[in-house]
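What follows is one structure encoded as structure tokens, with my remarks underneath.
The values are calculated or read from the model by the stated rules, or taken from the named source; none is laboratory data. Quantities reported herein were computed from a predicted structural model and do not represent experimental measurements. With ideal geometry, Cβ positions are generated from the backbone for all residues, glycine too; neighbour counts draw on all protein chains shown. The protein model used for the area step is the full one, side chains on, heavy atoms only, and it has no ligands, DNA or RNA in it. Shrake-Rupley method; radii C 1.70, N 1.55, O 1.52, S 1.80 Å.
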Amino acid sequence: MTTILTDIEGTTSSISFVKDVLFPYARAALPGFVREHGHEPEVRRWLDMVAVENGGMCQDAMIVETLQGWIDEDRKHTALKALQGMVWDAGYRDGDFTAPLYPDVAPMLRAWRGAGHSLAVYSSGSVPAQKLLFSHTDAGDLAPLFDGFFDTEVGGKRDAASYRAIADALGVLPKDVVFLSDVVAELDAAREAGMRTKLVDRREDYPEPRLSEHTHGHVRIERFDQVDPDLLDP
């Protein structure tokens, strides 16, 4: 059987959900969250990390301003990702939002899993944030479908070594993995590692289809149900 490794933004969910919903929510909620939970050890450790890295800030308000600036820059920082995850956790639990998936995603994930294939996620968002998203989708709790969640702690998404490490962690050979992503450079790295690839080219995120040389030789699909069943059998 095959392992299907999927990206999130632009692949299972619209790029705009993170950019237009999750990031603004975290930015707006951070001041209140820090006021209420800043004394808790798991929150304090990340706030203190930001403070130390920025010259020893002594006021939480200054730390929050720094974090909000990082959100505006889409900065990939461990402390920011951790704190955003905590804020999003509260938002999901309070029902402030659910994660919208493309309509074809949940049915195909369930079908692939039902057919005996294993599923995993590789995204630049933190593993806790990935689990939150798939636990609170508009199609229900899909997190139990997955055997593994990977973020950039395993390595950069444009580095072939990251994909080899994921295959090792899952206990499979790279050739037995199909990687689904909307980012050609990531697919290039996965192919270099020995994985099979599909370029997910959704019209909602990419109005101009990426064709011919723009695909770098990766088979292009617009929906998960266009994955050739033969590709799932090595």
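Given a Förster distance of 30 angstrom, what is the FRET efficiency for residue 115 paired with residue 23, based on the Cβ-Cβ distance and rounded to 0.05? Could you put the intermediate results ahead of the total?
Numbers: r = 36 Å, r/R0 = 1.19.
According to the calculation, E is roughly 0.25.
With everything on Cα atoms, drop me the angle between helix 41-53 and the longest principal axis of the chain, reported from 0 to 90° to the nearest 10.
The angle comes out near 80 degrees.
For an R0 of 22 angstrom, estimate the FRET efficiency from the Cβ-Cβ distance between residue 168 and residue 131 and round to the nearest 0.05.
Working: r = 21 Å, r/R0 = 0.96.
FRET efficiency, residue 168 to residue 131: 0.55.
Ignoring ligands, DNA and RNA, what accessible area per residue does the range 155-217 give at 1.4 Å, in Å²? Working shown, then result.
Working: 2870 Å² over 63 residues.
In whole numbers, the range 155-217 has 46 Å² accessible per residue.
Take the chain, connect every pair of alpha-carbon atoms lying under 10 Å apart with a spring to form a Gaussian network, then pick out the residue of 222, 213, 153 with the largest mean-square fluctuation.
The residue that fluctuates most here is 213.
Using alpha carbons only, how many degrees (0 to 90, rounded to 10) separate the axis of helix 60-73 from the longest principal axis of the chain?
30 degrees
Could you compute the FRET efficiency for residue 143 and residue 65, with r as their C-beta to C-beta distance and R0 at 41 Å, rounded to 0.05?
On the way: r = 33 Å, r/R0 = 0.81.
The formula returns an efficiency of 0.75 here.
Mind listing the phi-derived Karplus ³J(HN,Hα) values for the range 198-214, rounded to whole Hz, using 6.51, -1.76 and 1.60 with θ = phi - 60°, and x for any glycine or proline?
Karplus values, whole Hz, x for Gly and Pro: 9, 8, 8, 10, 7, 4, 4, 9, 10, x, 8, x, 8, 10, 6, 5, 6.
Give the carbon-plus-sulfur fraction of the accessible surface of the range 91-234 in %, rounded to a whole number; probe 1.4 Å, heavy atoms of protein chains only.
Numbers: 3380 of 6490 Å².
Taking all protein chains in place, the range 91-234 shows 52 percent carbon and sulfur surface.
If the only charges are +1 at each Lys and Arg Cβ and -1 at each Asp and Glu Cβ, what is the size of the charge dipole of the range 18-94 around the Cα centre, to the nearest 20 debye? All intermediate terms of the calculation are to be shown ahead of the outcome.
Values: 9 positive and 13 negative charges, 25 e Å.
Charge dipole, the range 18-94, about its Cα centre: 120 debye, nearest 20.
Using the charge dipole of the range 76-158 (Lys, Arg: +1 at Cβ; Asp, Glu: -1 at Cβ; taken about the Cα centre), state which of 99, 85, 150 has its Cα farthest towards the positive end.
The one lying farthest along the dipole's positive direction is 150.
Given a 1.4 angstrom probe, what's the average accessible area per residue across the range 1-98, in square angstrom?
Details: 4740 Å² over 98 residues.
Accessible area per residue: 48 Å².
Need the list of lysines near residue 19 for cross-linking: C-alpha distance under 27 angstrom, and skip anything on the same chain fewer than eight residues off.
Straight-distance partners of residue 19: 76, 81, 131, 157, 198.
Which cross-chain or sequence-distant (5 or more) residues have an amide H under 5 Å from the amide H of residue 121, H modelled 1.01 Å from N in plane?
The list, which skips near neighbours in sequence, is 6, 148, 149, 150.
Please report the antiparallel percentage of DSSP beta bridges with both residues in the chain, rounded to the nearest 5. Please report the intermediate quantities before stating the final value.
Working: 1 of 21 bridges.
So the antiparallel bridges in the chain amount to around 5 percent.
Based solely on its DSSP helices, what 222 nm [θ] is calculated for the chain when runs of n ≥ 4 H residues each add -39,500 (n - 2.57) and the sum is averaged over all residues, nearest 500 deg cm²/dmol? Kindly include the intermediate steps, with their values, before the conclusion.
Values: 8 runs with 97 residues, N = 234.
So the helix-based figure for the chain works out to -13000 deg cm²/dmol.
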